[in-house]
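Please read the structure below before turning to the comments.
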DNA sequence: CCGTATCCTCCCAGATACTG
DNA sequence: CAGTATCTGGGAGGATACGG
């Protein structure tokens, strides 16, 4: 158990990490991109409840933090692929842990309130 | 690598878990309580930026999900201790992963935008 | 197909004051 | 010490329409 005596005065690392992958969608997006490189509309299909606007916004924010990479292919019709970056892949253990816990404890449950 | 073919139609487990430990404070609170049972004001000291009102609110929500336990001792002055529950302890791997990543990648960084 | 541009709503979270 | 009670604003997130 790696329990350091980190004093946690100005926000603890857990809080900091949640600042980045928290929010309603970022964790799920990262999870999908860790599995495989995915196109924009493919992501929409995987997450039917997100709006186009929100998906774009979240992707831009993740890209700004260098957690994911965007590749646009100059084709007609346009094709844009999103993939996890080297840096983003360091989040795999965390995302996997969240996913695993959710699967075990929350599947088919209603988790509101 | 435990990659199931979970289709993730109605929100994926990552999203579900973040629904529970996400938000600005819950992860940090759980982290502290996993380390040790802690009194109310002790938590405030560990997280100087949280307001009394928010701390109470977050604690109540975690308690409602049976992730933590509240014990009030009928003393003067009053003493209330919060501890992680058996169920809450199942979150340890996830919280540890978040903490570890934050330590490695975010310490001393400004992580706004 | 892959986005922007607006507009809007709700509620999260902070500030502050008070209490058993 | 360990909480409520109000008031308030700002921003996350949604709906909808349009564009290359």
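The values are calculated or read from the model by the stated rules, or taken from the named source; none is laboratory data. Predicted model, so just to flag it, every value in this text is computed and none were measured. Here Cβ is always computed from backbone atoms with ideal geometry, including for glycine, and neighbour counts include all displayed protein chains.
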Open item on the list: Step by step: first the residues of the stretch B:62-77, then only those that are part of a loop (DSSP other than H, G, I, E, B) and within 10 Å of DNA strand D (Cβ to nearest atom), then the one that is modelled with the lowest pLDDT. Which residue is that?
Closed with: B:76
- [ ] Answer yes or no as to whether residue A:80 is more than 30 Å from residue B:66 (Cα to Cα), within 13 Å of DNA strand D (Cβ to nearest atom) and in a strand (DSSP E or B).
- [x] yes
Task: Residues located in the stretch B:62-81, provided they are free of Cβ contacts under 8 Å to residues at least 40 places away in the same chain and within 13 Å of chain A (Cβ to nearest Cβ) - done: B:62, B:63, B:64, B:66
Open item on the list: Looking at A:84, A:34, A:95 in this structure, which one is modelled with pLDDT of 95 or more, away from every other protein chain (no Cβ under 12 Å) and away from DNA strand C (no atom under 13 Å from the Cβ)?
Closed with: A:84
Open item on the list: Restricting to the stretch A:12-24, name every residue that is at the interface with chain B (Cβ under 7 Å from one of its Cβ atoms) and crowded, with 17+ Cβ neighbours inside 10 Å.
Closed with: A:12, A:13, A:14, A:15, A:16, A:17, A:18, A:20, A:22
- [ ] Scan the stretch B:47-61 and give yes if some residue there is at pLDDT below 95, at the interface with chain A (Cβ under 9 Å from one of its Cβ atoms) and under 17 Å from residue A:18 (Cβ atoms), otherwise no.
- [x] yes
